[in-house]
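Taking it in order: structure first as structure tokens, then the write-up.
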Amino acid sequence: MASIKDVAAEAGVSVATVSRVLNDHPSVSAEARTRVLAAVEALGYRPNAVARSLRTDQTHTLGLVISDVLNPYFTHLARSVEEEARALGYSVIIGNADERPDLQDHHVRTLLDRRIDGLLVSPTDGGSPLMLEAARAGTPMVFVDRWIAGVDVPVVRSDGRAAVHDLVRHLHGLGHRRLAIIAGPAATTTGRERVEAFREALAEYGLPLPDAYIGQGDFQAESGRRATEEFLDLPEPPEVVFAADNLMALGALDAVRARGLRVPDDIALAAFDDIPWFVHTDPPITAIAQPTGRQGRAAVRALVDRIEGRHPESLTLPARLVVRRSCGEPPAQAPAVQFPVQRSQS
């Protein structure tokens, strides 16, 4: 296996220059960067960030890699993580993956190089070899909100499946029969889970989910707008659009208003991931609320347990339906019942 010295010799640069290129340092010239990357490709060199992260001394620093810092859910999550970590004597370094697997792995590798004590990750997809390598090497790690199948680390998340079933029950009770969903990326566990739960819940009431009623989104507002425009162009548009995250819901709302239509008179709207300003829209948006602060704090405590040699269980926290008026609800509609906490093995 090639070493960093081999790469330096092949590229005709110093080991320090190779290190700077691999860590995206801006001080390296374009010519040197090109030579180093060509040498890395030719030699098949792969930096062993995981091995470098293993040490006996502690830095009292945690790494947090979130999927999208502009998403209010992840902003709230990051704040709760930082607050809990500070209370336990740790600092937090945050990396924003921007829903990009390559950027996620870049942040993970960089954080391991920084000799953090443990790592919190909300994965952008389920296919990161680096994450599996880190877990197998014994790096203290916890997944939060999303997870990667086959990577044996604790997961702290909410029970989205039960809450989605509760939402469909609520919509059916209001008389809605044509229900559509704007799905998140199929590469994410939350994206898959919310579509599966929606389909299962519809089936309980004998309602179909035609392909035309599944809009493919990416947890960004623009994808919610595009999917909703496609729904509205159908010969028989849906009566309800359920956006599988808050940003896609805002995009859906933009699309409805751009057509001169009104929620819920012309089409109803519901969302996963409640956010504070949903109460200020007209009408206020019915949404599934995750216990985001509790998730962040519980994830930090689980990670500190891992750092200190304990073996915490995975934790599933309750999500709940927050009933407002975007689906044609009567003003005095009662809120949904909350669910008990569920625990499971990772």
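The values are calculated or read from the model by the stated rules, or taken from the named source; none is laboratory data. Note that the structure is a prediction, hence the values are computed from the model and not measured. No Cβ is skipped: glycine too gets one built from the backbone with ideal geometry, and neighbour counts run over all protein chains shown. All accessible areas refer to the heavy atoms of the entire protein, side chains included, with ligands and DNA or RNA removed. Shrake-Rupley method; radii C 1.70, N 1.55, O 1.52, S 1.80 Å.
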key: Accessible area of segment 56-152 belonging to carbon and sulfur atoms, whole % at 1.4 Å probe   = 50
key: Extension gain, Ala87 back to Asp282 (0.36 nm per residue minus Cα-Cα distance, nm)   = 66.3 nm
ask   = Okay, helix-only estimate at 222 nm for the chain: each DSSP H run of n ≥ 4 adds -39500 (n - 2.57), divide by all residues, round to 500 deg cm²/dmol; what do you get?
value = -13000 deg cm²/dmol
inquiry  = To check my understanding: the extent here is largest minus smallest coordinate of the Cα atoms along each principal axis. What are those three numbers for segment 261-329, in Å, largest first?
reply    = 57, 17, 15
remark   = With R₀ set to 25 angstrom, the calculated FRET efficiency between the beta-carbons of Ala2 and Asp113, to the nearest 0.05, is 0.85
key: Descending semi-axes in whole angstrom, ellipsoid equivalent of segment 142-244, from the Cα gyration tensor   = 26, 17, 10
inquiry  = Based only on Cα atoms, what mean projected area does the convex hull of the chain have, in nm²?
reply    = 20.0
ask   = Build a GNM of the chain with springs between Cα atoms under 10 Å: which of Val144, Val65, Val13 gets the top mean-square fluctuation?
value = Val13
request  = Compute the length gained on full extension between Arg177 and Glu313: take 0.36 nm times their separation in residues and subtract their Cα-Cα distance, giving the result in nm to one decimal.
outcome  = 45.0 nm
Label-point separation, Ala203 to Leu261 (7 Å along Cα→Cβ), nm = 2.8
key: Low-density loop cleavage sites - trypsin sites (Lys or Arg not before Pro) in segment 178-274, where at most 11 other Cβ are within 10 Å (DSSP)   = none
note = Expressed per residue, the solvent accessible area of the chain in Å² (1.4 Å probe) is about 45
